[in-house]
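Asks: Here's a structure for you.
The values are calculated or read from the model by the stated rules, or taken from the named source; none is laboratory data. Keep in mind that what you see is a predicted model, and the values were worked out from it rather than measured. All Cβ positions, glycine included, derive from the backbone under ideal geometry; neighbour counts span all protein chains shown. Areas reflect the complete protein model, heavy atoms only, side chains present, ligands, DNA and RNA absent. Shrake-Rupley method; radii C 1.70, N 1.55, O 1.52, S 1.80 Å.
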Amino acid sequence: PEHADALATLARVLLAQDRAAEALGRARRAIASSAGHAAAWFVQAQSLAATDQDEEALASFGEAARLAPDQPEPSLEFGNLLYRLQREREAVAVWEDGLSRHPEHAPILANLSAASHALGDPQRAVVLGRRAASADPTLPEAWLNLGVGLWTQGEGDEAVGVLRRALALDEHSAAVPAALGAVLRDMDRPLQALEAYRKAQRRAPQDVAHQ
């Protein structure tokens, strides 16, 4: 087990240095040394995902989640990969399973909020978004998803306030100012909408080129 700990730690370091193939090799050796080493399965899954070996990554995330039910990160990233692969309902099931053990985990709550909106349930998106923002008021995604959900439900004024809070927390993503611009445009506040869109375009021109 001690040898597996060292290998898993080295794998995490290599992965952080964008050396996913080397990280994968160390993770496999750690699992060979200790088949029940949850951290090794987790970093193996991350390394596989980073090298586009998605199906094997899904299996490894699942094993990491099974071995370490007290850790929310395997369920979070397992669901993230499923969602990226457009397997939304499977992702929701994984996140909900993680949430059953970690009911105040803000990133899982925020992801479920976004998924609820995408799957046509804005009311649940708002409920989950509020829970996420309450669990971690510093998480921009929580406020973003809450703001989008409120806008969908016709609560434009509250959505603007919530999205402005998200904007204050996130200085890099174009998604927040783009969403704020859409809400302001919908509320017939064109000058403020234009200002928000310009901010989004400065951050990531390709994201808002066709707004």
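Asks: Need one value: the accessible area of Arg131 in square angstrom, 1.4 angstrom probe, rounded to the nearest 10.
Replies: 90
Asks: Next question, about the same structure. Can you give the local net charge around Val92? Use residues other than it whose beta-carbon is closer than 11 angstrom to its beta-carbon, Lys and Arg +1, Asp and Glu -1.
Replies: Value of the local net charge: -2.
Asks: His3 to Ala204: extension gain in nm, 0.36 nm per residue of separation minus the Cα-Cα distance?
Replies: 68.0 nm
Asks: Let me ask something else about it. In the chain, with Lys and Arg counted as +1 and Asp and Glu as -1 at Cβ, which of these residues, Val148, Ser134, Leu180, has the Cα nearest the positive end of the dipole, that is, farthest along it?
Replies: The listed residue farthest towards the positive side: Leu180.
Asks: On the full set of protein chains, 1.4 Å probe, figure out the accessible area of Phe78 and give it in Å² to the nearest 10.
Replies: Approximately 40 Å² of Phe78 is accessible to the 1.4 Å probe.
Asks: Related question: If you place +1 on the Cβ of every Lys and Arg and -1 on the Cβ of every Asp and Glu, how big does the dipole about the Cα centre of the chain come out, in debye to the nearest 20?
Replies: On the way: 21 positive and 29 negative charges, 78 e Å.
Result for the chain is approximately 380 debye, rounded to the nearest 20.
Asks: Right, here's the next one. Along Cα→Cβ, 7 Å out, is where each label goes; now give me the distance between the ones at Asp52 and Glu88 in nm to one decimal.
Replies: 2.5
Asks: Largest first, what is the accessible-area ranking of His105, His3, His172, His117 with a 1.4 Å probe?
Replies: His172, His3, His117, His105
Asks: Next question, about the same structure. Compare Trp95, Trp151, Trp143, Trp41 by solvent-accessible area with a 1.4 Å probe and give them largest first, with all protein chains kept in place.
Replies: Per-residue accessible area, sorted high to low, gives Trp151, Trp41, Trp143, Trp95.
Asks: With every protein chain left in place and a probe of 1.4 Å, what is the accessible surface of Thr138, to the nearest 10 Å²?
Replies: Approximately 90 Å² of Thr138 is accessible to the 1.4 Å probe.
Asks: On to the next question. Once you've got the GNM for the chain with C-alpha springs shorter than 10 Å, pick whichever of Ala142, Ala132, Ala49 has the biggest mean-square fluctuation.
Replies: Answer for the Gaussian network model of the chain: Ala49.
Asks: Set Lys and Arg Cβ to +1 and Asp and Glu Cβ to -1, take the dipole of segment 1-98 about its Cα centre, and tell me which of Pro74, Ala23, Val94 lies farthest positive.
Replies: Ala23
Asks: With a 1.4 Å probe and all protein chains left in place, how much accessible area per residue does segment 99-211 have, in Å²?
Replies: Normalised by residue count, the accessible surface of segment 99-211 is 51 Å².
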